[in-house]
Structures are given as structure tokens and as C-alpha cells.
Amino acid sequence: MAIHWIKPDIAECTRRGIAYFTSELEMISGLPCKIYRITEEFGSLSDHMHDYFQIWYISRGEFDHTLFGQKYRMTQGSIFVLPPYSVHRVEMLPGKELEVLGCEFMPEFINEHLHARTEESGGFDQAFIESFMVPEDKIPLKIMLSSSSDLAVRDLLTEMLAEYGRRGPCFELLLKANLLKLLGILSREQTENGAAGVAGSTNQYREPIMKSIEFIHNHYDKPLSLQELCAITMMSRTNFCRHFKEVTGRTFSQYVANYRIRMAMKLLAQPELSVTEVCFKVGFNELPYFCRIFKKYTGTTPAYYKKNAY
């Protein structure tokens, strides 16, 4: 399959109020790749598009994202990959904390033969972006990462951000290596979880499921039961479990455990809090169980993580 993007009429887009961002202005000369971090001070963006790929990973918080007229909520642990010329907008939520790790790149950063406006095929390297080159109505609204992939994606983007900031010897090679691994993980997640279909059959359940997710985020430090969430969403246990996993990519218990571990990682970075205090602050009732779950999700113990967090 040859890679081909149809560049829209820029004058017509401008007339319709769609902003257009180009790699020539947004990226460093000679480096068709950009890594950055966004916080709540970033502000909203009206309808816009760009001539490069854009990846946003939400490491904390949430915001509303509209893609081709479809509005949906981006939450912690989710990620999107947009091909060039995708019209979208971003609406930040007042009072919500936010951290987004972003990566933007031109196809030629992967392979110089992959040009955004040619029919030339890039062979093997083309496979890294091929799964994201789909018609407008097929672009995944978001990909909900599994627990292991969530950690891997965060680590890759964090390392890329550091390399991009330092720009030491061979940093371009390290950026490209991590980007290829990142795209491989996302392609696998998209295939396994059927991310492209998340917005289809679950539209009618999206609002109650998002309501349940917000409840989890606000009460993760307290006991949470499946029965309680079913009552809040007014859904049967079977329906809730099925649609919760369709929207988030995780079961209810997996999502709660993952979110609590994320909050624990944040608290463990505070010198004044002990591991035991953090355990109870994030909703775990037993220290051994907390330590076991923490190691399962992070690959290390809470004590080791705390020792190396600051």
C-alpha cells in the first residue's frame, strides 16, 4: 500500500476558520520530529490541522477532543494518533489537572523515502505508520492502553522528552528508535483492543461509563465496588462490565488498580510520606497486597520506587 495524503485547499480551510500548522514552522530545521509536555496552562485549541503525525498520551487528567465533528473525552492512560490533515479541536476542562506527553513527526523521520505527498512506498518502515493511515471516519478516536503498555508508553515518551531536551550525541537515533517501538506498541494495542470500534456500538453507553470513570477518579482512595458503579450508571452488572471494558480497554478491577498505582507513584515522590501511608491514601487496605500489586504494574517495589523518585 502506497502512503498518500491529500492536501486540502488551505485557502478554503482558512475561510472556514480552520488553522493550519506546518512542520516548517513547528519543528527544528533539519529535525522532522518534536517532543513536548503539556499542562493545564496550555489552553484550548479551536479547529485546526497539521501536515505531520501527532501523538498525544494523557499521563494525568482529562480533556475533550473533537475529531471530524465527533466529541469524546480523553482520560488518563489513553492516547491518540492522528495522521496529517486531520481536522480536530481540543477543549481543556476548567479546574482539571492535566499532563500530556506529545510527539509530532514527519513520515521522513522514520524513512526518508516516506514523503507525505508522494506515491512512493517506503517498504518495511512504512508498516510502522500504515495502520494509522485510514479514511477519516476510520481513525481511532482513542486507544486505551493495557496496563503493561501504559507503563511502556509513558517510559518511552519520557525518555524521548529528555533526549529531545538534552540533544546530546546521536539523540536523533535514540528518538527514532523509541518512536518506532512506540508505534509498534500502539499498532498492537489498536489491533488487540479494536480501538477503531470504540466509538461505534458504545456511543449510547459512553456518557454513563465516563460518569463512572469520573467517580473512580474522585473516590479512588475509598472502597469501590462494582455494585456501587452499576447503581450510579443505572446499568446491569453484565452491561456495565462489557461496556466499561469496551470504552477503557480494561476490566473494572484492572482500571481501579491501575489508577490507584498511578496515584501511588505520584505520592511516593513526596519525601514526607512513607510507603505505608501511601498504601492507605490510595485505597489499599493491606500493605503486602499493595506491594504485590505495585510490583505487578511497575516491575519494582514501592520502597525501591520511592528511593529513586527524588
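The values are calculated or read from the model by the stated rules, or taken from the named source; none is laboratory data. All of these numbers come straight from a predicted model, not from anything done at the bench. Cβ sites come from the backbone with ideal geometry, for glycine too, and all protein chains shown count toward neighbours. We work out accessible area using only protein heavy atoms, side chains counted, and drop any ligands, DNA or RNA first. Shrake-Rupley method; radii C 1.70, N 1.55, O 1.52, S 1.80 Å.
How much net charge surrounds Ile293 when only the other residues with a Cβ under 13 Å from the Cβ of Ile293 are counted, with Lys and Arg +1 and Asp and Glu -1?
With Lys, Arg at +1 and Asp, Glu at -1, the neighbours total +4.
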Any chance you could check the Cα centroid distance between region 253-310 and region 58-102 for me, in angstrom?
27 Å
Quick one: 3J(HN,Hα) in Hz for region 209-214, Karplus 6.51/-1.76/1.60 with θ = phi - 60°, rounded, Gly and Pro as x.
5, 5, 5, 5, 5, 4
Taking amide H positions as placed 1.01 Å from N in the peptide plane, with prolines and chain starts having none, which residues 5 or more places from Thr251, or on another chain, fall under 5 Å of its amide H?
none
For region 233-240, Karplus couplings with θ = phi - 60° (6.51, -1.76, 1.60), whole Hz, Gly/Pro x:
8, 6, 10, 5, 4, 5, 5, 4
Hey, can you rank 56-63, 263-270 by average C-beta count inside 10 Å, highest first?
56-63, 263-270
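Quick one: with all protein chains in place, what share of the accessible area of region 202-309 is carbon or sulfur, to the nearest percent (1.4 Å probe)? Don't skip to the answer; put the middle values down first.
Details: 3040 of 5720 Å².
Using a 1.4 Å probe with all protein chains present, region 202-309 comes out at 53 percent carbon and sulfur.
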Per residue, how large is the accessible surface of region 54-110? Use a 1.4 angstrom probe and give square angstrom.
24 Å²
